[in-house]
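The values are calculated or read from the model by the stated rules, or taken from the named source; none is laboratory data. Bear in mind that the values here come from a model prediction, so they are computed numbers and not experimental data. As a convention, Cβ positions derive from the backbone with ideal geometry for all residues, glycine included, and neighbour counts pool all protein chains shown. Remember, those area values only see protein heavy atoms, side chains included, never the ligands or the DNA or RNA. Shrake-Rupley method; radii C 1.70, N 1.55, O 1.52, S 1.80 Å.
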Amino acid sequence: MIARLMIAAGIVCFTLPALADGEVQKLITPADKARLDKYDETRKTALDEARAGDAAEVKQLDALLAKPLVSFSDADLTGNWLCRTIKAGGLSPLVIYGWFKCKVSDDGSGWMLEKITGSQRTKGRFFDDGEKRSIYLASFSVNNDPAKPYGSGPQSDQVGYAFRNSVDEWRIEFPAPYYESKLDILELKR
């Protein structure tokens with residue numbers, strides 16, 4: 001009986017993404033923790049500013065944000081994705097970039113995302129933060145510069161909340177990124 005329970009526990013642990021069992025709290029920088037603590041306020045301000053942007057882009061943003069959220073529990077995010085960055089608030093009210101390539105892999109301890117084309121890149125790891133949200137800790141880099149390890153400083157550290165909309169659609173929202181905007185959204189689709 002004990003052997004069966006251990007096998008079942010091993011299967012469950014193998015299939016889940018990295019969990020917020022305290023590990024994310026050990027890794028997250030104080031600055032990034034503060035950004036997540038102010039997420040709702042930052043997001044509201046950024047989206048209010050974005051509404052003054054180009055009407056067609058505002059419509060795209062509203063459509064994305066109106067999609068219902070679904071659980072990550074039955075998801076397999078591994079594989080190739082199209083991804084684009086949406087910048088809300090800040091220097092410009094709203095900017096929606098074109099589609100680039102992203103890749104999600106699993107090294108056995110959870111999902112890792114890497115944006116592999118485009119001039120602004122991200123590379124990081126996900127931590128479960130409930131059924132419908134994950135925390136993303138990452139490093140920002142430009143072009144083909146190697147990504148620094150997370151925790152290297154405010155110019156490269158990234159933090160965000162990931163939300164899943166369907167089998168083939170999800171996004172990460174980055175509150176108060178270091179550059180240009182008040183909220184970055186990385187939209188991903190297959």
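Yes or no: the stretch 83-104 includes at least one residue that is of a type in the set (S, T, N, Q), outside any strand (DSSP E or B) and farther than 18 Å from Lys182 by Cα. Can you show your working first?
From the stretch 83-104, those of a type in the set (S, T, N, Q) are 85, 92; that's our starting set.
Of the ones still in play, those that are also outside any strand (DSSP E or B) are 92.
Applying the additional criterion that residues be farther than 18 Å from Lys182 by Cα yields none.
Within the stretch 83-104 (the criterion being of a type in the set (S, T, N, Q), outside any strand (DSSP E or B) and farther than 18 Å from Lys182 by Cα), the answer is no, since none of the residues qualifies.
Regarding Arg190, is this residue buried (at least 21 other Cβ atoms within 10 Å of the Cβ) and of a type outside the set (Asp, Glu)?
Details: buried (at least 21 other Cβ atoms within 10 Å of the Cβ): no; of a type outside the set (Asp, Glu): yes.
Answer is no for this residue.
Starting from the stretch 74-99, keep only residues that are at positive phi and touching a residue at least 12 places away in the same chain (Cβ under 8 Å), then list their pairs with residues that are in a loop (DSSP other than H, G, I, E, B) and among the acidic types (Asp, Glu) whose Cβ atoms are within a distance under 6 Å, requiring at least 6 positions of separation or different chains.
From the stretch 74-99, the pairs are Gly90/Glu180.
Pick from the stretch 143-176 the residues that are in contact (Cβ under 8 Å) with a residue 40 or more places away in the chain and in a loop (DSSP other than H, G, I, E, B): which of them is farthest from Ala34 (Cα to Cα)?
Among them, the one singled out is Val167.
Kindly provide the set of residues from the stretch 147-160 that are open to solvent by 20 Å² or more (accessible area, probe 1.4 Å) and on the phi < 0 side of the Ramachandran plot, ordered by number.
Once the filter is applied, which keeps residues that are open to solvent by 20 Å² or more (accessible area, probe 1.4 Å) and on the phi < 0 side of the Ramachandran plot, the stretch 147-160 yields Ala147, Lys148, Pro149, Tyr150, Ser152, Pro154, Gln155, Gln158.
Filter the stretch 143-190 for residues that are among the aliphatic types (A, V, I, L, M) and modelled with pLDDT of 95 or more and give the result.
Val159, Ala162, Ile172, Ala176, Leu183, Ile185, Leu186, Leu188
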